[in-house]
Amino acid sequence: MLPYLSNVNEIVSYAHWLIMRGQIAGNLCFDGHLASDEEREIAFRCKTLCASLEKKLQTCREADIADLLGCYGMLVRLGYNRIPDAAFVEKHRRRFFNAWRRGDRDIDESEIFGMIATDAKYHPKKIGNEGVNAYRSILEHWTTTLNKYGYFPDTTTYENYRRLAFIMRENIDSYLNGNSDEAKHNWYEQNKVEDFSTLGSYILCSFRRFANALYPDVLDYENQVELDNRILSELVTRTDLNHYERQTFLLTLRFNSQCARNSESIMHIN
């Protein structure tokens, strides 16, 4: 039985909460262990939410597809221990891409880039020339803009951080004469925030995406996690976020702490 989820944001927030719970509980640890009661409960919830998402994707507006598909794949893995049906996913990815090509103003450039980037780099035949050309065009435009301004002046602060998050994970040496590491460090310095209380909650969530993309080119692992924990500590205080968003951030703080303890234990053993 699903809780009452009134909109796409709440659906996605609930999905992220389930995914983080599964990550901590061991649902993604495929070592042949006997599933605990908690793991079975999480898997059942994931299956239930998958069924709801499959119906939602049939009728939702195109601009919501990226958010819904973004969590659907992991929910299928957690619930059914398999990858999602490729034809089903591709059908809705195509709807999203075509809506963007038609000029749907509710679809941000970062959303389309996030949907096509992996396939454009590693499975170009899957998305065809249109998808590959769109990826290359966006990447070139972003790199040129950042090289000139150090940020994206033609968009919102929220979208600025989302674009930065994606480009930090890209190999852009060919656009910058092999100096991408220096450029990425400079872009971080120009866009970093010291006082997180000055950012609205959803802009801070977008900034967190950017911060989490800084490893390994800009920050080492320890500094990136320390930055993430500072952002999370601020986000859990935000009352304008819904219940599942705050609970997910609390769980992520716990997960980060658990990873740090495990890392220290391994270092001690070595």
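The values are calculated or read from the model by the stated rules, or taken from the named source; none is laboratory data. The structure presented is a predicted model; accordingly, all values stated were derived computationally and were not measured. When we count neighbours, we look across all protein chains shown, and the Cβ atoms used for this are built from the backbone with ideal geometry, even at glycine. Note: accessible area is taken over every heavy atom of the protein model, side chains too, but ligands, DNA and RNA are not part of it. Shrake-Rupley method; radii C 1.70, N 1.55, O 1.52, S 1.80 Å.
A few notes on this one:
- Filtered residues of segment 151-161 (kept if part of a helix (DSSP H, G or I) and farther than 22 Å from Asn179 by Cα): Thr157, Tyr158, Glu159
- Checklist (1) assigned to a helix (DSSP H, G or I); (2) of a type in the set (Asp, Glu); (3) at pLDDT 95 or above applied to Glu170, failing item: (1)
- Between Lys148, Lys184, the distinction of being out of contact with any strand residue (DSSP E or B) (no Cβ under 9 Å at 6 or more places or on another chain), assigned to a helix (DSSP H, G or I) and either at pLDDT below 95 or open to solvent by 70 Å² or more (accessible area, probe 1.4 Å) (or both) belongs to Lys148 only.
- Among the residues of segment 123-135, at least one is in a helix (DSSP H, G or I), open to solvent by 80 Å² or more (accessible area, probe 1.4 Å) and in contact with an Asp or Glu (Cβ under 8 Å, 6 or more places away or on another chain).
- Residues that are in contact with a helix residue (DSSP H, G or I) (Cβ under 7 Å, 6 or more places away or on another chain) and within 29 Å of Ile112 (Cβ to Cβ) were ranked within segment 38-62; the one that is most open to solvent (accessible area, probe 1.4 Å) is Lys56.
- Test result for Phe255, in a helix (DSSP H, G or I) and closer than 19 Å to Tyr149 by Cα: no
- Some residue of segment 69-78 being open to solvent by 80 Å² or more (accessible area, probe 1.4 Å) and either of a type in the set (S, T, N, Q) or in contact (Cβ under 8 Å) with a residue 12 or more places away in the chain (or both): yes
- Filter result (polar (S, T, N, Q), surrounded by fewer than 15 Cβ atoms within 10 Å (Cβ to Cβ) and more than 17 Å from Thr237 (Cβ to Cβ)) within segment 187-202: Gln190
- If you go through segment 216-232 and keep only what is in contact (Cβ under 8 Å) with a residue 12 or more places away in the chain and not in a loop (DSSP other than H, G, I, E, B), you end up with Gln224, Val225, Leu227, Asp228, Asn229, Arg230, Ile231, Leu232.
- When Pro153, Pro216 are checked against the criterion of being over 27 Å from Phe249 (Cα atoms) and either touching a Phe, Trp or Tyr at 6+ places or on another chain (Cβ under 6 Å) or modelled with pLDDT of 95 or more (or both), a single residue qualifies: Pro153.
Condition check ((1) surrounded by 12 or more Cβ atoms within 10 Å (Cβ to Cβ); (2) closer than 14 Å to Phe255 by Cβ; (3) without any contact (Cβ under 8 Å) to a residue 24 or more places away in the chain) across all residues:
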| residue | (1), (2), (3) |
| --- | --- |
| Leu2 | no, no, no |
| Glu10 | yes, no, no |
| Ile19 | yes, yes, no |
| His33 | no, no, yes |
| Ser36 | yes, no, yes |
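- Among residues of segment 101-114 that are farther than 17 Å from Asn133 by Cβ, those with a Cβ under 8 angstrom from a residue that is at pLDDT 95 or above and polar (S, T, N, Q), sequence gap 6+ or separate chain, pair up as Asp108/Thr155.
- The test for being of a type outside the set (Phe, Trp, Tyr), in a loop (DSSP other than H, G, I, E, B) and either under 17 Å from the mean Cα position of the chain (by Cα) or more than 30 Å from Asn27 (Cβ to Cβ) (or both) does not hold for Arg208.
- Verdict on Gln247 being buried (at least 18 other Cβ atoms within 10 Å of the Cβ) and among the polar types (S, T, N, Q): yes
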